[in-house]
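> Below you'll find the structure I mean.
The values are calculated or read from the model by the stated rules, or taken from the named source; none is laboratory data. Computed from a predicted structure; not experimentally measured. Don't worry about glycine lacking a Cβ; one is built from the backbone with ideal geometry, like all the others, and counts go over all protein chains shown. These accessible areas exclude ligands, DNA and RNA; they are computed on the full protein's heavy atoms, side chains included. Shrake-Rupley method; radii C 1.70, N 1.55, O 1.52, S 1.80 Å.
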Amino acid sequence: MSTIDSASLQPAPRQIPAIEHTAISGMDAYRALVAEAETDHQAFWARLAREHLQWRRPFTKILDDSNAPFYKWFEDGELNASYNCLDRNLAKGLADKTAIVFEADDGTVTRITYQALYHRVCRLANALRARGVTRGDRVVIYMPMSIEGIAAMLACARIGAPHSVVFGGFSAKSLHERLVNVGAVAVMTADEQVRGGKTLPLKAIVDEALAMGGTVAVKTVVVYRRTGGRIPWITQRDAWLHELEHAQSDTCEPEWVGAEHPLFVLYTSGSTGAPKGVQHSTGGYLLWAAVTMKWTFDIKPDDVFWCTADIGWITGHTYICYGPTAVGATQVIFEGVPTYPDAGRFWQMIERHKVSIFYTAPTAIRSLIKAADANEAVHPRSFDLSSLRILGTVGEPINPSAWTWYAQHVGGGRCPVLDTFWQTETGGHMISPLPGVTPLVPGSCTLPMPGIDAAIVDETGHEVPNGHGGVLVIRKPWPSMIRTIWGNPERFRHGYYPDDLGGKLYLAGDGAIRDRDTGYFTITGRIDDVLNVSGHRLGTMEIESALSAHPSVAEAAVVGRPDETCGEAIVAFVVLKTARPSGPDAKRVADELRAWVGKEIGPIAKPKDIRFGDAMPKTRSGKVVRRLLRSVAKGEAITQDTSSVENPTVISQFAHGL
Ligand code: WTA
């Protein structure tokens with residue numbers, strides 16, 4: 001738990017340059033919405049749900065809290081997410097509007113209108129139905145950033161089949177674990193993925209995962225031909241996406257589902273070794289995706305929105321697949337990486353596509369600052385970024401210096417920088433500045449969204465005064481919240497509504513502090529064993545179990561170390577079954593272990609630093625002394641009391657990097 005106490009951690013808020021005609025017109029309008037939600041929480045959400053979504057059958061019940069924390073929202077209402085994201089736009093006269101501008105890794109641009117996207121989704125939905133996928137069946141999507149990836153998600157939504165998108169950077173083993181856990185009946189993938197000039201054989205990885213067993217329910221593998229590279233093929237099971245589409249009608253009656261019908265399951269890391277399948281609903285989730293597009297991003301008909309996330313993460317679900325389409329926006333999506341062919345790629349794309357709202361991760365900004373400092377040609381000032389009006393960040397804390405650089409060099413001092421705090425579990429923004437409303441403070445996510453009842457409490461669930469650190473909780477349920485953990489409702493209840501806090505508060509898992517004067521929130525970091533590496537959530541236990549699975553590893557402990565670029569870097573402490581290696585031997589073993597973790601989980605989980613010792617520093621009761629390891633990882637001198645450590649001598653062995 002964070003225990004930072006400070007009279008005023010933050011500098012005074014700066015008023016942002018005025019931005020005209022925003023969805024929420026100013027602080028008074030914001031306060032009025034907050035008051036509306038406080039006066040009648042349910043009526044507030046019901047009003048939004050009626051205004052922002054199109055219901056096939058209107059709901060009569062708003063919130064059912066009789067089985068808390070398994071809350072239900074708008075339960076007897078019926079709708080379809082893909083209908084709301086596609087058909088509704090056609091009916092509004094947006095058929096010819098560009099829905100997606102896709103820029104491939106090599107710079108090739110493909111545009112698709114809402115009309116064309118609608119037809120593609122319908123064909124794909126029909127194809128899935130023709131292959132026997134029906135309402136309630138789970139479909140795993142392991143695809144690159146592409147129009148096809150988004151169409152795949154919307155096609156699943158159209159037929160009421162919850163999707164589970166797995167990030168292309170996860171290994172066959174991780175993919176297998178998710179396929180089994182979610183009980184998938186079909187997989188949608190691509191022959192290969194192309195990023196940063198390199199290809200990754202997605203289809204071959206799918207085959208490898210399916211060969212691991214336990215995935216008998218998978219009857220269909222749909223393959224999008226991205227590169228035309230040679231791939232393995234199983235005739236009975238595999239089908240080309242373009243051939244399936246070709247054979248189908250371009251309209252498709254949507255499956256009308258209840259608002260609580262699961263729209264998707266997305267796996268994320270927690271404090272145990274096994275990733276958890278966060279299950280979201282259709283109605284409540286889609287509602288907040290649409291509303292936050294308007295409130296936070298102030299999306300307007302002529303905006304060009306670009307969120308640089310991948311569909312494998314929640315940000316790519318809410319602010320690529322569902323949010324922008326639910327409001328009929330034009331968005332840019334990008335196949336590649338920010339540094340290819342050079343670190344000017346983002347700025348060049350903003351200029352090329354006249355992006356007006358840009359949403360990215362602090363890690364990307366930090367790495368681009370370094371590159372821009374070293375090379376004027378990739379500095380944002382070498383590009384025309386005058387189309388930008390709003391900037392956002394997400395995924396991890398942004399340090400004030402990166403914030404200021406982003407505001408100044410990318411936003412030209414004109415654009416508000418919105419530091420949006422939220423999580424896979426929350427579905428959409430929870431605490432964020434609003435453009436034209438909130439005076440900004442670099443490094444602070446400022447104030448809760450209207451309707452979101454955020455607070456900071458101590459270990460017993462009592463609110464702490466402003467200026468005192470504590471844990472972040474949400475006191476009232478909200479429509480886009482996690483519904484359960486797939487197949488493990490008890491883990492959901494204990495993990496997110498812990499008894500220690502009284503069982504009625506949603507525990508975000510982050511420490512936070514509110515400014516004494518403004519009440520602004522600053523997130524101080526995770527309070528559990530979850531690392532945030534380049535904005536990606538990774539559980540230390542997952543990496544530890546991957547390392548321990550290596551035949552020569554006796555024991556492993558993993559901690560995070562603050563890192564200038566990635567936010568946090570993974571440091572692994574390893575005890576081998578054989579003698580402690582040294583010199584070139586140690587380097588060789590470390591490289592082997594890194595490659596092993598890449599295979600077990602995926603390249604994003606490879607430890608940056610691996611240290612070897614004869615034994616793990618443990619208390620007499622056998623607990624690994626993590627606080628010591630954290631200090632060792634940071635290279636700090638050990639000033640802490642080590643008298644409770646059984647074997648303090650090993651600490652100095654671990655202190656030396658390779
Ligand atoms: C962290 C990403 C500080 C936090 C949408 C949270 C942040 C975790 C911010 C969720 C922010 C996200 N400032 N920290 N603006 N946004 N985080 O599930 O620790 O991938 O709990 O969702 O990222 O990560 P997730």
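> If you scan segment 184-218, which residues turn out to be within 16 Å of His163 (Cβ to Cβ) and in contact with a Lys or Arg (Cβ under 7 Å, 6 or more places away or on another chain)?
Ala184, Val185, Ala186, Thr189, Ala190
> Further question on the same structure: Which one of these is surrounded by 22 or more Cβ atoms within 10 Å (Cβ to Cβ) and more than 16 Å from the ligand (Cβ to nearest atom): Val417, Val410, Val394?
Answer to the selection: Val410.
> Residue pairs, Cβ under 8 Å, 6 or more apart or interchain, first in segment 165-191 and modelled with pLDDT of 95 or more and hydroxyl-bearing (Ser, Thr, Tyr), second in a strand (DSSP E or B) and open to solvent by less than 10 Å² (accessible area, probe 1.4 Å). List them.
Final answer for the pair search is Thr189/Ile141; Thr189/Tyr142; Thr189/Val221; Thr189/Val222; Thr189/Val223.
> Within segment 353-368, how many residues turn out to be assigned to a helix (DSSP H, G or I) and within 23 Å of the chain's Cα centre (by Cα)? Can you show your working first?
Filtering segment 353-368 down to residues assigned to a helix (DSSP H, G or I) leaves 353, 362-368.
Next, from what is left, pick out any that are within 23 Å of the chain's Cα centre (by Cα): 362-368.
Number satisfying all stated conditions: 7.
> Something else: Could you please let me know if Lys504 is among the basic types (Lys, Arg), in contact (Cβ under 8 Å) with a residue 40 or more places away in the chain, more than 23 Å from Gly169 (Cβ to Cβ) and away from the ligand (no atom under 16 Å from the Cβ)?
yes
> Moving on to the next point. In segment 497-523, what count of residues is obtained for those that are part of a strand (DSSP E or B) and aromatic (Phe, Trp, Tyr)?
Qualifying residue count for the region: 2.
> Give the residues of segment 423-436 that are surrounded by fewer than 24 Cβ atoms within 10 Å (Cβ to Cβ) and more than 13 Å from the ligand (Cβ to nearest atom), sorted by residue number.
Residue satisfying the conditions is Gly436 alone.
> For the subset of segment 533-548 comprising residues that are farther than 20 Å from Leu472 by Cα and open to solvent by less than 10 Å² (accessible area, probe 1.4 Å), which member is farthest from the ligand (Cβ to nearest atom)?
This residue is Leu547.
> So which pairs qualify, if the first residue must be in segment 253-271 and within 14 Å of Thr424 (Cα to Cα), the second must be of a type in the set (Val, Ile, Thr) and assigned to a loop (DSSP other than H, G, I, E, B), the Cβ gap must be under 6 Å, and the two must be at least 6 apart or on different chains?
Listed by first residue and then by second, the contacts come to Leu263/Thr282.
> Residue by residue through segment 99-121, note down the ones that are out of contact with any helix residue (DSSP H, G or I) (no Cβ under 7 Å at 6 or more places or on another chain) and crowded, with 21+ Cβ neighbours inside 10 Å.
In the first step, residues of segment 99-121 are kept if they are out of contact with any helix residue (DSSP H, G or I) (no Cβ under 7 Å at 6 or more places or on another chain); the result is 104-109, 111, 113, 116, 119.
Scanning segment 99-121 gives a single hit, Asp105.
> Hey, can you tell me all the residues within segment 131-155 that are within 16 Å of Ala239 (Cβ to Cβ), assigned to a helix (DSSP H, G or I) and open to solvent by less than 10 Å² (accessible area, probe 1.4 Å)?
Result: Ala151, Ala152, Ala155.
> Let me ask something additional. Only one of (1) open to solvent by 10 Å² or more (accessible area, probe 1.4 Å); (2) in a loop (DSSP other than H, G, I, E, B); (3) under 30 Å from Pro498 (Cα atoms) fails for Gly270. Which number is that?
(1)
> Being without any contact (Cβ under 8 Å) to a residue 40 or more places away in the chain and open to solvent by 20 Å² or more (accessible area, probe 1.4 Å): is that true of Thr404 here?
Answer is yes for this residue.
> Applying the selection to segment 35-55, what residues are buried (at least 18 other Cβ atoms within 10 Å of the Cβ) and not in a loop (DSSP other than H, G, I, E, B)?
Within segment 35-55, Ala37, Phe44, Trp45, Ala46, Leu48, Ala49, His52 meet the criteria.
> Could you please find all residues in segment 549-575 being open to solvent by less than 20 Å² (accessible area, probe 1.4 Å) and within 25 Å of Glu636 (Cβ to Cβ)? Talk me through it step by step, then tell me what you get.
Step one: list which residues in segment 549-575 are open to solvent by less than 20 Å² (accessible area, probe 1.4 Å), which gives 550, 553, 556-560, 569-575.
The answer is Ala556, Ala557, Val558, Val559, Gly560, Ala569, Ile570, Val571, Ala572, Phe573, Val574, Val575.
> Name the residue that is farthest from the ligand (Cβ to nearest atom), counting only residues in segment 507-532 that are farther than 21 Å from Pro465 by Cβ and surrounded by fewer than 22 Cβ atoms within 10 Å (Cβ to Cβ).
Once the filter is applied, the top-ranked residue is Asp529.
> Run Ala455 past the list (1) open to solvent by less than 10 Å² (accessible area, probe 1.4 Å); (2) in a loop (DSSP other than H, G, I, E, B); (3) within 16 Å of Ile431 (Cβ to Cβ) and report the number of the one that doesn't hold.
(2)
> On to the next question. Of all residues being aliphatic (A, V, I, L, M) and open to solvent by 30 Å² or more (accessible area, probe 1.4 Å) in segment 208-243, which is nearest to Ile147 (Cα to Cα)? Just the residue, please.
Ile231
> Could you say whether any residue in segment 276-284 is surrounded by 24 or more Cβ atoms within 10 Å (Cβ to Cβ), in contact (Cβ under 8 Å) with a residue 40 or more places away in the chain, in a loop (DSSP other than H, G, I, E, B) and touching a Gly at 6+ places or on another chain (Cβ under 8 Å)?
Checked against the condition, which is being surrounded by 24 or more Cβ atoms within 10 Å (Cβ to Cβ), in contact (Cβ under 8 Å) with a residue 40 or more places away in the chain, in a loop (DSSP other than H, G, I, E, B) and touching a Gly at 6+ places or on another chain (Cβ under 8 Å), segment 276-284 yields at least one hit.
> Still on this model: Buried (at least 20 other Cβ atoms within 10 Å of the Cβ), within 16 Å of the ligand (Cβ to nearest atom) and over 24 Å from Trp306 (Cβ atoms), is that true of Ile474?
Values: buried (at least 20 other Cβ atoms within 10 Å of the Cβ): yes; within 16 Å of the ligand (Cβ to nearest atom): yes; over 24 Å from Trp306 (Cβ atoms): yes.
So Ile474 fits the description; yes.
> In this structure, does Arg14 turn out to be of a type in the set (D, E, K, R), open to solvent by 60 Å² or more (accessible area, probe 1.4 Å) and modelled with pLDDT under 95?
For Arg14, the condition - of a type in the set (D, E, K, R), open to solvent by 60 Å² or more (accessible area, probe 1.4 Å) and modelled with pLDDT under 95 - is met.
> Moving on to the next point. Of all residues in segment 14-45, how many are without any contact (Cβ under 8 Å) to a residue 24 or more places away in the chain and among the small types (Gly, Ala, Ser)?
Number of matching residues: 3.
> Then there's this: I need every pair where a residue in segment 437-459 that is on the phi > 0 side of the Ramachandran plot has its Cβ under 7 Å from the Cβ of a residue that is among the hydrophobic types (A, V, I, L, M, F, W, C) and part of a loop (DSSP other than H, G, I, E, B), sequence separation at least 6 or different chains.
So the pair list comes out as Gly443/Ile398; Gly451/Trp478.
> Something else now. Only one of Asp238, Asp303, Asp310 is closer than 18 Å to Gly328 by Cα and among the acidic types (Asp, Glu); which?
Criteria check complete, one pass: Asp303.
> With the structure loaded, tell me whether Val417 is in contact with a Gly (Cβ under 7 Å, 6 or more places away or on another chain) and free of Cβ contacts under 8 Å to residues at least 60 places away in the same chain or whether it fails that test. Step through it out loud before you land on a result.
Details: in contact with a Gly (Cβ under 7 Å, 6 or more places away or on another chain): yes; free of Cβ contacts under 8 Å to residues at least 60 places away in the same chain: yes.
So Val417 passes the test.
> Does segment 489-526 hold any residues that are closer than 25 Å to Ala274 by Cα and among the small types (Gly, Ala, Ser), and which are they?
Scanning segment 489-526 gives Gly495, Gly503, Ala508, Gly509, Gly511, Gly525.
> Let me ask you something else. Limited to segment 466-496, what total is found for residues that are out of contact with any strand residue (DSSP E or B) (no Cβ under 6 Å at 6 or more places or on another chain), assigned to a loop (DSSP other than H, G, I, E, B) and farther than 17 Å from Leu63 by Cα?
Residues that pass the stated criteria total 3.
> Could you tell me which of the residues Arg630, Arg588 is farther than 22 Å from Cys566 by Cα and open to solvent by 50 Å² or more (accessible area, probe 1.4 Å)?
Being farther than 22 Å from Cys566 by Cα and open to solvent by 50 Å² or more (accessible area, probe 1.4 Å) holds for just one of Arg630, Arg588, which is Arg588.
> Hey, could you check segment 369-391 for residues that are assigned to a loop (DSSP other than H, G, I, E, B) and among the hydroxyl-bearing types (Ser, Thr, Tyr) and say which is farthest from the ligand (Cβ to nearest atom)?
Ser386
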